[in-house]
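Colleague: Could you have a look at this structure, given as structure tokens, before my questions?
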Amino acid sequence: MDPCRGAAWAVAWLASLALCAAAAERKDGQQPPAAPVALKVLTWNIQYGSDRGADPNGWPERQGLLRAALERERPAVLCVQEALAAQLEFLDRCLPGHAREGAGRDDGKTKGEHCAVYWDGARFERLDGGTFWLSEAPEAPGRAWGEQYNRICTWVRLKDKPSGRVLRVFNTHLPLAPEAREKAARLVVKRLKGGAPGEPLILAGDFNSGPGSPAWKAFAEAGLVNTEKSAGKEPGTATYHKMGIGLVCLDAIFASDAWEVREHRVVSGALKGAYPSDHFGVAAVLEWKEPSKTAPEGRASPPPPPKPPDP
């Protein structure tokens, strides 16, 4: 090869890389956002805080344990089930930097249990959200399919400020009755699919069922994977317990394939032999997967090196 022609080829390739770097800058002249930090998600059925006086582990005794557990875990996203209005007010004080979404299942406002979603307000911007009922009339309080209680799902659409990416989080507490539970799971899946295609999804909750159940199969068919499985563990670690003795798996976090699962843990929150709830919490650490080879809209992919001239 002629040295001069080879040098010209190299200069041309470097110039093309420079053009791509310029195209990758945002219109306001700023560089694209840096890769986001890991996202810690925690789901917890915190046990209905009625404190009827007969429960030796009532809410007044448990709330300090829950606070201590949250201070240790420091989740970016927290999903809670069975939470009454007074318990949410307590959590608001425990998580002063977090915002929340959710409505009471009995009146769509504050009455009854909530499936609330909390998120770090410094990191996320709320774009949309709401609560729907697991029934044939999802937009209004009610029950269906023979279930004894109203059941709900709360969702929120968030913008991750460090990365500019958007995700949706769903939090639910499925029915006890098997037929109602399967139909409710199908309704949740329908709502999951109703958003923007490819938008990263997180589904958390107390599913009143475990691996192999029709509800979990419905989530798998929708492309969601249990984070316990994604973390390389055998799914089904007990989350419902009696004084620390695990009985059955009811609680989990599911994620779409937009996420890498870096960690999965069952969180007891035990302190001096006492527990925050009759359920253990479930925590997962997620990271965005690397972008595909196809460049995002508005950004240029680095060109392949031009074919060098024949010698």
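Colleague: Of Ala140, Val266, Ser230, which is farthest towards the positive pole of the stretch 39-288's charge dipole, taken about the Cα centre with +1 and -1 on the beta-carbons of Lys, Arg and Asp, Glu respectively?
Modeller: So the residue we want is Ser230.
Colleague: Please list, in chain and number order, the residues 5+ apart from Ala258 or on another chain whose amide H is under 5 Å from its amide H, with Hs placed from the backbone.
Modeller: Leu201
Colleague: Considering only DSSP states other than H, G, I, E and B, which GluC sites (Glu not before Pro) in the stretch 107-215 qualify as loop sites with at most 14 other Cβ atoms within 10 Å?
Modeller: For GluC sites (Glu not before Pro) across the stretch 107-215 that sit outside H, G, I, E and B with at most 14 neighbouring Cβ atoms in 10 Å, the list reads Glu136, Glu139.
Colleague: Give me Cys115, Cys249, Cys94 sorted ascending by neighbouring Cβ count inside 10 Å, so fewest comes first.
Modeller: By the 10 Å Cβ count, ascending, the order reads Cys94, Cys249, Cys115.
Colleague: Contour minus end-to-end for Asn57 and Gln148, with contour as 0.36 nm per residue of separation and end-to-end as the Cα-Cα distance?
Modeller: Length gained, Asn57 through Gln148: 30.2 nm.
Colleague: Using a basic spin-label model with each label point 7 Å from the Cα along Cα→Cβ, how many nm lie between Glu125 and Arg262?
Modeller: Between Glu125 and Arg262, the simple spin-label model gives 2.4 nm.
Colleague: On a 18 Å Cα-Cα criterion, which of the cross-link pairs Lys40/Lys111; Lys40/Lys161; Lys111/Lys183; Lys109/Lys183 come out too long?
Modeller: Pairs exceeding 18 Å: Lys40/Lys111; Lys111/Lys183; Lys109/Lys183.
Colleague: Please get the size of the charge dipole for the stretch 178-228, origin at its Cα centre, with Cβ charges of +1 on Lys and Arg and -1 on Asp and Glu, quoted in debye to the nearest 20.
Modeller: Dipole magnitude for the stretch 178-228 comes out near 220 debye.
Colleague: Same structure again: List the aspartates and glutamates whose alpha-carbon lies under 14 Å from that of Lys242, not counting same-chain residues fewer than 8 positions away?
Modeller: Cα-Cα hits under 14 Å: Asp55, Asp278.
Colleague: Just need the relative contact order of the stretch 161-281 here, percent rounded to a whole number, with Cα pairs under 8 Å and 6+ apart. Can you show the working numbers first?
Modeller: Values: 195 pairs, mean separation 29.2, N = 121.
That works out to 24 percent.
Colleague: While we're here: Suppose R0 equals 45 Å; then what is the FRET efficiency for Leu271 and Ala137 from their Cβ-Cβ distance, rounded to the nearest 0.05? Can you show the working numbers first?
Modeller: On the way: r = 43 Å, r/R0 = 0.95.
In this case the efficiency is close to 0.60.
Colleague: When the dipole is taken about the Cα centre of the stretch 39-288, and only Lys, Arg (+1) and Asp, Glu (-1) are charged at their Cβ, what size is it in debye, to the nearest 20?
Modeller: On the way: 33 positive and 32 negative charges, 59 e Å.
Dipole about the Cα centre, nearest 20: 280 debye.
Colleague: OK, next. Of the peptides 170-177, 99-106, how do they stack up when ordered by the mean number of other Cβ atoms within 10 Å, highest first?
Modeller: Working: 170-177: 24.0, 99-106: 20.9.
For the peptides 170-177, 99-106, the packing ranking is 170-177, 99-106.
Colleague: Just to check I understand the Karplus step: with θ = phi - 60° and J = 6.51 cos²θ - 1.76 cosθ + 1.60, what whole-Hz values come out for the stretch 190-205, glycine and proline as x?
Modeller: Each residue's phi maps through the Karplus curve to give 4, 5, 4, 7, x, x, 5, x, x, 5, x, 10, 9, 10, 10, x Hz.
Colleague: A further question follows. Where does each of 278-284, 267-273, 223-229 land if you order them by average Cβ count within 10 Å, highest first?
Modeller: Ranked by mean Cβ neighbours within 10 Å, highest first: 278-284, 223-229, 267-273.
Every number in this text was worked out from the coordinates using simple rules, so none of it is lab data. Everything numeric here is computed off the predicted structure, so don't read it as measured data. Neighbour counts are summed over all protein chains in view; Cβ atoms, including those assigned to glycine, are modelled from backbone coordinates with ideal geometry.
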